[in-house]
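A quick write-up on the structure given underneath.
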Amino acid sequence: MTLKLLFYIAVLLIAIIGYRYSATASSPLKIGDDAPNFALNDAQGKTHYLSDYLDKYLIIYFYPKDNTPGCTKEACNFRDEFRQLEKLDAKIVGISLDDSQSHSAFAKQYHLPFPLLTDINGVVSNSYNALYNFYVIKIAKRRTFLINTEGKIVKIYRDIDVSSHSQKVIDDLKLIQNKQ
């Protein structure tokens with residue numbers, strides 16, 4: 001009897017938490033939407049704004065955690081493709097909920113040539129619908145947004161294979177630029 005009661009209590013708690021999570025989740029962004037503004041600091045304390053990047057294409061990639069296998073692979077692949085992205089007139093920023101000290105060590109260890117921005121409270125991640133908020137813990141979802149020079153979202157990546165993601169972004173960027 002006690003085990004059955006505990007089971008029902010657990011199911012009820014999961015249902016309540018799930019409802020609260022879905023009720024507070026921001027509505028998903030769509031292609032053509034204005035990219036949400038942001039003001040976030042990089043590892044050196046410099047504040048970056050969406051408006052800083054309106055003269056180029058911008059790749060914003062959200063990732064869960066510095067120095068984890070998938071996040072390291074994704075960052076290093078973007079690092080390795082950085083010159084090609086520059087040739088395509090694109091900038092890139094990574095965003096997670098890690099602090100600036102973590103970002104600084106991560107960027108230094110892997111020689112990342114692009115800024116990692118700190119979204120400790122998850123406000124910007126939430127505005128891009130790229131936040132898991134479990135109340136006790138928050139973590140960025142692995143999401144990438146390609147933003148054009150007018151600040152419009154032109155591509156959204158939700159299902160990401162970190163081993164081929166940077167090349168997929170480059171291929172899509174070339175297609176988008178060739179259509180203009």
Item to check | Count - residues of the range 76-106 that are touching a helix residue (DSSP H, G or I) at 6+ places or on another chain (Cβ under 6 Å), under 19 Å from Ser125 (Cα atoms) and in a helix (DSSP H, G or I) | outcome: 0
Next on the checklist: Need pairs with beta-carbon distance below 8 Å; first residue more than 14 Å from Thr118 (Cβ to Cβ) and within the range 37-64, second of a type in the set (Asp, Glu) and not in a strand (DSSP E or B); sequence gap 6+ or separate chains.
Outcome noted: Leu54/Glu150; Lys56/Asp89; Tyr57/Asp89; Tyr61/Glu74
Next on the checklist: Can you say whether Asn148 is surrounded by 13 or more Cβ atoms within 10 Å (Cβ to Cβ), under 27 Å from Gln44 (Cα atoms) and within 11 Å of the chain's Cα centre (by Cα), as far as the supplied structure shows?
Outcome noted: no
Next on the checklist: Against the condition closer than 17 Å to Lys73 by Cβ and either crowded, with 18+ Cβ neighbours inside 10 Å or basic (Lys, Arg) (or both), how does Arg142 come out, does it pass?
Outcome noted: yes
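Residue-by-condition table, conditions (1) in a strand (DSSP E or B); (2) under 13 Å from Ile60 (Cα atoms); (3) not β-branched (Val, Ile, Thr):
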residue	(1), (2), (3)
Tyr132	yes, no, yes
Tyr135	no, no, yes
Ile160	no, no, no
Gln167	no, no, yes
Item to check | Of residues in the range 94-116 being surrounded by fewer than 21 Cβ atoms within 10 Å (Cβ to Cβ) and among the aliphatic types (A, V, I, L, M), the one farthest from Asp172 (Cα to Cα) | outcome: Ala105
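Each reported figure results from applying straightforward, stated rules to the coordinates on display, with no laboratory input. These numbers come from a predicted model, not from an experiment. Counting neighbours? That spans all protein chains shown, and the Cβs are built from the backbone with ideal geometry, glycine included.
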